[in-house]
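The values are calculated or read from the model by the stated rules, or taken from the named source; none is laboratory data. Only a predicted model underlies this, so the values are computations on that prediction, with no experimental measurement involved. A quick note on method: Cβ atoms are made from the backbone with ideal geometry, for glycine too, and the neighbour counts reach across all protein chains shown. Heads up: the accessible areas ignore ligands, DNA and RNA and are worked out on the full protein's heavy atoms, side chains in. Shrake-Rupley method; radii C 1.70, N 1.55, O 1.52, S 1.80 Å.
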Amino acid sequence: MAVTAAQVKELREKTGAGIMDAKKALVETDGDMEKAAELLREKGIAKAEKKADRIAAEGLTGTAVNGNTAALVEINSETDFVAKNDQFVALVKETAELIAANKPADNEAALALTTAEGMTLSEAFIHATATIGEKISFRRFVLVEKTDAQHFGIYQHNQGRIGVVTVIDGADEALAKSVAMHVAAMHPTVLSYTELDPEFVHTELAQMNHKIEQDNESRAMVDKPALPLLKYGSQAQLTAEVIAEAETEIKEELKAEGKPEKIWDKILPGKMARFMLDNTKVDQEYTLLAQLFVMDDSKTVEAYLEAASAKAVKFARFEVGEGIEKAENDFAAEVAAQAGL
């Protein structure tokens, strides 16, 4: 039977299929709209299955807030070009909104959620893979909760390649967003030094000292004084005994320098602050509170928040593709294979 332009348009609006795919489906089903839609769905699943083994390490993060719940999601595509596709962007947005509203327990529960079009999220990803033309996958999500008195900081960097949600107690949303911007830029992995594993601190400190030793070799070649090695790396290692010993050593230095004892109390706080800074390098690398605040690098994040009568409660940060091993494409070999050479 002859297929009309109106039928093709209706089927395209219903399924999102291309013009030729919609026309072929209507021809194959003698114009039956329901059968044509089902045929396109089946072909879409088949297309998606063919792409299942492909590596999707590009894409976008998405955020959504529903009351006191924020959702942060990562949706992957094969290329960053597709990440700018309107359909893909809309899917990321709807996924985040559905998860924030429904609070699923895991990915399986999230993919079972129903979209505005009446399909599950799982079906929506299959449909997107079929219509966009490359593998589209739902990688992960996290739910972040706050109280009525707390504030969310929501920030997406580099057009959504990095997504951050922070929770700040006190102050306002503007400060919470500033902290989210800091998290995006500085990539802390935990909130406080109390969350760092002692073995991790030990390993990182050893690596930092190895780098200092390498730098000292270069400095020796140009007659520059050697840099001191780090004795400690985290506040967790700075016990009361360690701090007391440091204070004693500083006082001995002041005495040796001939500084009057009556002014030691004025000098000691600054010297101890320097000692703490020099011996918490691992904290500064990995913990939010110990990092120098990007908006005011004269203070740590913790000190800046304290000055604003605020406190960081938690944060979440996703960066697209982190931890995914990307395929190394040999373009010349690929062209040769397609040409049968």
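Go over the candidates Ala244, Ala236 one by one and state the one that is assigned to a helix (DSSP H, G or I) and over 33 Å from the mean Cα position of the chain (by Cα). Talk me through it step by step, then tell me what you get.
Details: Ala236 fails: over 33 Å from the mean Cα position of the chain (by Cα).
None of the others qualify; the one that does is Ala244.
Quick one: how many residues across the range 180-189 are surrounded by fewer than 20 Cβ atoms within 10 Å (Cβ to Cβ) and among the β-branched types (Val, Ile, Thr)?
1
Would you confirm whether any residue within the range 131-142 is outside any helix (DSSP H, G or I), of a type in the set (Lys, Arg) and open to solvent by 60 Å² or more (accessible area, probe 1.4 Å)?
yes
Which pairs do you get when a residue that is within 30 Å of Glu58 (Cα to Cα) and open to solvent by 40 Å² or more (accessible area, probe 1.4 Å), found in the range 145-171, comes within reach of a residue that is outside any strand (DSSP E or B) and of a type in the set (Lys, Arg), reach meaning Cβ atoms under 6 angstrom, with the pair 6+ apart or on two chains?
Correct list of pairs: Tyr155/Lys177.
From the list Lys177, Lys211, which one is surrounded by fewer than 16 Cβ atoms within 10 Å (Cβ to Cβ), among the basic types (Lys, Arg) and either touching a strand residue (DSSP E or B) at 6+ places or on another chain (Cβ under 7 Å) or farther than 22 Å from Phe318 by Cα (or both)?
Lys211
Ala128 - would you say it is closer than 22 Å to Pro104 by Cβ, modelled with pLDDT under 95, open to solvent by less than 50 Å² (accessible area, probe 1.4 Å) and of a type in the set (Gly, Ala, Ser)?
Answer is yes for this residue.
Cβ-Cβ below 8 Å, separation at least six or inter-chain, first residue in the range 222-237 and surrounded by 11 or more Cβ atoms within 10 Å (Cβ to Cβ), second among the hydroxyl-bearing types (Ser, Thr, Tyr): which pairs?
Tyr232/Thr280; Gly233/Thr280; Ser234/Tyr193; Ser234/Thr280; Gln235/Tyr193; Gln235/Thr280; Ala236/Tyr193; Ala236/Thr194
Go through (1) of a type outside the set (D, E, K, R); (2) surrounded by 14 or more Cβ atoms within 10 Å (Cβ to Cβ); (3) not in a helix (DSSP H, G or I) and name the single condition Leu268 misses.
With respect to (1) of a type outside the set (D, E, K, R); (2) surrounded by 14 or more Cβ atoms within 10 Å (Cβ to Cβ); (3) not in a helix (DSSP H, G or I), Leu268 is out only on (3).
Considering only residues that are open to solvent by less than 40 Å² (accessible area, probe 1.4 Å) and in a helix (DSSP H, G or I), look in the range 276-302 and name the one that is nearest to Ser192 (Cα to Cα).
Asp283
State yes or no: is Thr194 in contact (Cβ under 8 Å) with a residue 12 or more places away in the chain, within 30 Å of Asn279 (Cβ to Cβ) and either open to solvent by 70 Å² or more (accessible area, probe 1.4 Å) or of a type in the set (D, E, K, R) (or both)? Please lay out each step first, then the result.
On the way: in contact (Cβ under 8 Å) with a residue 12 or more places away in the chain: yes; within 30 Å of Asn279 (Cβ to Cβ): yes; either open to solvent by 70 Å² or more (accessible area, probe 1.4 Å) or of a type in the set (D, E, K, R) (or both): yes.
Here the answer is yes, as Thr194 does meet what is asked.
Looking at this structure, is Glu123 open to solvent by 70 Å² or more (accessible area, probe 1.4 Å), out of contact with any strand residue (DSSP E or B) (no Cβ under 9 Å at 6 or more places or on another chain) and assigned to a helix (DSSP H, G or I)?
yes
Every residue in the range 75-100 that is over 18 Å from the mean Cα position of the chain (by Cα), surrounded by 15 or more Cβ atoms within 10 Å (Cβ to Cβ), among the hydrophobic types (A, V, I, L, M, F, W, C) and farther than 12 Å from Ile136 by Cα, please.
Passing the criteria: only Leu98.
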